[in-house]
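Student: What follows is a single structure, and I will ask about it in a moment.
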Protein chains: 2
Amino acid sequence: MILIDGVVASAVPVDDRGLTYGDGVFRTLVLRDGRPEFWPQHYARLTADCRALGITPPALAALTDDLNQLAIASAHGAVRIIVTRGSSARGYAIDPAQPSRRIVSIGALPRYPDRYRERGVCVRYCALRLAAQPRLAGVKHLNRLENVLARAEWTDTAIAEGLLLDADNLVIEGTRCNVFIVERGALVTPDLSHCGVAGVTRTLIMEAAFRHDVQCWVQPITQARLESANEVFLVNSLIGVWPVAAVGDRTWSMFTTASLVGKWLHALRSATH
Amino acid sequence: MILIDGVVASAVPVDDRGLTYGDGVFRTLVLRDGRPEFWPQHYARLTADCRALGITPPALAALTDDLNQLAIASAHGAVRIIVTRGSSARGYAIDPAQPSRRIVSIGALPRYPDRYRERGVCVRYCALRLAAQPRLAGVKHLNRLENVLARAEWTDTAIAEGLLLDADNLVIEGTRCNVFIVERGALVTPDLSHCGVAGVTRTLIMEAAFRHDVQCWVQPITQARLESANEVFLVNSLIGVWPVAAVGDRTWSMFTTASLVGKWLHALRSATH
């Protein structure tokens, strides 16, 4: 099911700036038992991302109505919310009076092997380097060619994800997830002020760490630092927490902290459900 | 008139990767007397840009048919050709079997004041700095948020264009055009191997300079170098050549070389028509 501005539809006008310029933002989240997981957090991020681009965010009530409509059609699924700057005449100039457009759709939840969560995933370093653009860093916008090109670097199905580095060879994120490393019990996650997407799950984990008196730092992470870490794990709204079992020759087999963080998220989901 | 894969239409499926990821390329060109200007050059660039992203370029015959259809509807206009990687399931991974999608549309030719060409335009430096991404540099792709944000920096209608600099403060391009400066009769245009779009008009001018024994260099251009130049001019398929009359406090009033280059383009248009 796809709703465009609240109405069932399947196509967007060709002059939508999401198509012509990638001029919009998006979120991906889980609908379970008819309820969107971590919806307040997703809505807050969506709103912040819209503001970063000067796009009028959709009203909470409108999006909540959309999600309720989707939930009637399917109680479980992966929801994608796209907000574009709407339609416009040609040219990059913005008409502030132009209403934004929201596109809310639901698909099947991706089915990942249980072993990804239990025994970890194999990842690789991508050759593509993320460009530094402070004006867009952190924002989950629709200009995702870097992710597309990075994901196209491998076809080996044994590789579950690729790690993206910046031009200084610092680890920033995965193609579709955020990254944490564990050093002597403390969590460390990369700085996203120059590139990368600041996901909701990353923030939830940082906040949970604080509540559980586990140190969590935002610091530069080189490949050497990542490979020296006690654990590495990947997070996003759909996968939850995936421990990393291998990158190149470096392997890990103890996932104590990743498991703990997975339990924090599970508890948060239950508490807000 | 809008043609999607050769059929009159007005909307694209919501799962088109042009919308979800900006995963595509585009061209803008002039249709005059029913004929697309510099079509072989535009088709060559479109094909090269598709290849840079691993997108299957549309066949020349298919696009030529599209342009002929448009020309029946309106003999003059601004044509936009978008080629996206087509529709796909969620996720950044590419299905090589997925056909690309072409979206060809025509609108009115923009009407610019004659004085822009005759007496030059006022421009400004944008605050936004272009990010360096060698994998995308030169390509006219659909990830254009930098252009949108840069164009949103000014509303003063006396400013016809904004100049974009990179993180090293080198002048790269305008928000929708390429830039040349003139130094003692020689043309200089910025290197676009790290960011910027390599337009067809820029290449036509470089080739024409060669034929006319006018030196043309690709070199780094600082703001100081630009302001020390004898002339500065902007080029693209729609505007042709606009001399720059002012940037900040620096003004120019002699546009000898810009006029000459405008005549080269005019002669090329007539010759290929």
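Student: Any chance the stretch B:221-235 includes a residue that's touching a helix residue (DSSP H, G or I) at 6+ places or on another chain (Cβ under 8 Å) and charged (D, E, K, R)?
Tutor: Yes, the conditions are met somewhere in the stretch B:221-235.
Student: If B:H266 satisfies every condition in (1) part of a loop (DSSP other than H, G, I, E, B); (2) under 19 Å from B:P36 (Cβ atoms) but one, which is the exception?
Tutor: (1)
Student: I would also like to ask the following. Please identify the pairs in which a residue from the stretch B:150-179 that is touching a residue at least 24 places away in the same chain (Cβ under 8 Å) has its Cβ atom under 6 Å from the Cβ atom of a residue that is of a type in the set (V, I, T) and assigned to a loop (DSSP other than H, G, I, E, B), counting only partners at least 6 apart or on another chain.
Tutor: Matching pairs, first to second residue: B:A150/B:T175; B:R151/B:T175; B:G162/B:T175; B:V171/B:I221.
For every residue, the table says whether it meets (1) touching a residue at least 60 places away in the same chain (Cβ under 8 Å); (2) at positive phi.
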| residue | (1), (2) |
| --- | --- |
| A:T203 | yes, no |
| A:E207 | no, no |
| A:D213 | no, yes |
| A:V235 | no, no |
| A:R250 | no, no |
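Student: Suppose we filter the stretch A:175-188 for residues that are of a type outside the set (A, V, I, L, M, F, W, C) and closer than 20 Å to A:H42 by Cα; how many remain?
Tutor: Number satisfying all stated conditions: 3.
Student: If B:A229 satisfies all but one of (1) in contact with an Asp or Glu (Cβ under 6 Å, 6 or more places away or on another chain); (2) closer than 29 Å to B:L145 by Cβ, what's the number of the condition it fails?
Tutor: (2)
Student: Report those strands (runs of 3 or more DSSP E) wholly inside the stretch B:1-77 carrying at least 3 residues which are buried (at least 20 other Cβ atoms within 10 Å of the Cβ), within 14 Å of chain A (Cβ to nearest Cβ) and touching a Lys or Arg at 6+ places or on another chain (Cβ under 9 Å).
Tutor: Because the criterion is at least 3 residues that are buried (at least 20 other Cβ atoms within 10 Å of the Cβ), within 14 Å of chain A (Cβ to nearest Cβ) and touching a Lys or Arg at 6+ places or on another chain (Cβ under 9 Å), the strands (runs of 3 or more DSSP E) in the stretch B:1-77 that meet it are B:24-32.
Student: Take the residues in the stretch B:237-257 that are of a type outside the set (A, V, I, L, M) and part of a loop (DSSP other than H, G, I, E, B), then tell me which one is modelled with the lowest pLDDT.
Tutor: B:G248
Student: Based on this model, can you work out whether A:R45 counts as within 23 Å of A:P134 (Cβ to Cβ) and not aliphatic (A, V, I, L, M)?
Tutor: So A:R45 fits the description; yes.
Student: Quick test for you: out of B:D156, B:D166, pick the one residue that is within 14 Å of chain A (Cβ to nearest Cβ), among the charged types (D, E, K, R) and in contact with a Lys or Arg (Cβ under 7 Å, 6 or more places away or on another chain).
Tutor: None of the others qualify; the one that does is B:D166.
Student: Hey, could you check the stretch B:117-138 for residues that are outside any strand (DSSP E or B), of a type in the set (A, V, I, L, M) and buried (at least 22 other Cβ atoms within 10 Å of the Cβ) and say which is farthest from the other protein chains (Cβ to nearest Cβ)?
Tutor: Step by step, filter the stretch B:117-138, then rank; the result is B:L136.
Student: Shifting gears a bit: Going by the conditions given, is A:L149 in contact with a Lys or Arg (Cβ under 8 Å, 6 or more places away or on another chain), aliphatic (A, V, I, L, M) and at pLDDT 95 or above?
Tutor: yes
Student: Select, from A:I181, A:I172, A:I239, A:I205, the only residue that is within 21 Å of A:R117 (Cβ to Cβ) and within 14 Å of chain B (Cβ to nearest Cβ).
Tutor: The conditions single out A:I239.
Student: Sticking with this structure for a sec: When only residues in the stretch A:139-150 that are within 11 Å of another protein chain (Cβ to nearest Cβ) and in a loop (DSSP other than H, G, I, E, B) count, which is surrounded by the most Cβ atoms within 10 Å (Cβ to Cβ)?
Tutor: Of everything passing the filter in the stretch A:139-150, A:L142 is surrounded by the most Cβ atoms within 10 Å (Cβ to Cβ).
Student: Go through the stretch A:91-116 and give me each residue that's buried (at least 16 other Cβ atoms within 10 Å of the Cβ), in contact with a Gly (Cβ under 7 Å, 6 or more places away or on another chain) and touching a residue at least 40 places away in the same chain (Cβ under 8 Å).
Tutor: Once the filter is applied, which keeps residues that are buried (at least 16 other Cβ atoms within 10 Å of the Cβ), in contact with a Gly (Cβ under 7 Å, 6 or more places away or on another chain) and touching a residue at least 40 places away in the same chain (Cβ under 8 Å), the stretch A:91-116 yields A:I94, A:S100, A:R101, A:I106.
Student: Related question: Among the candidates A:I103, A:I82, single out the residue that is in contact with a helix residue (DSSP H, G or I) (Cβ under 7 Å, 6 or more places away or on another chain) and either at pLDDT below 95 or within 11 Å of another protein chain (Cβ to nearest Cβ) (or both).
Tutor: Exactly one residue qualifies, and that residue is A:I82.
Student: One residue is enough: does the stretch A:197-217 have a residue meeting the conditions within 22 Å of A:A132 (Cβ to Cβ), at pLDDT 95 or above and among the aliphatic types (A, V, I, L, M)?
Tutor: Within the stretch A:197-217, one or more residues are within 22 Å of A:A132 (Cβ to Cβ), at pLDDT 95 or above and among the aliphatic types (A, V, I, L, M).
The values are calculated or read from the model by the stated rules, or taken from the named source; none is laboratory data. Source: prediction; values computed, not measured. Methodologically, a virtual Cβ is constructed for each residue, glycine included, from the backbone with ideal geometry; neighbour enumeration extends over all protein chains shown.
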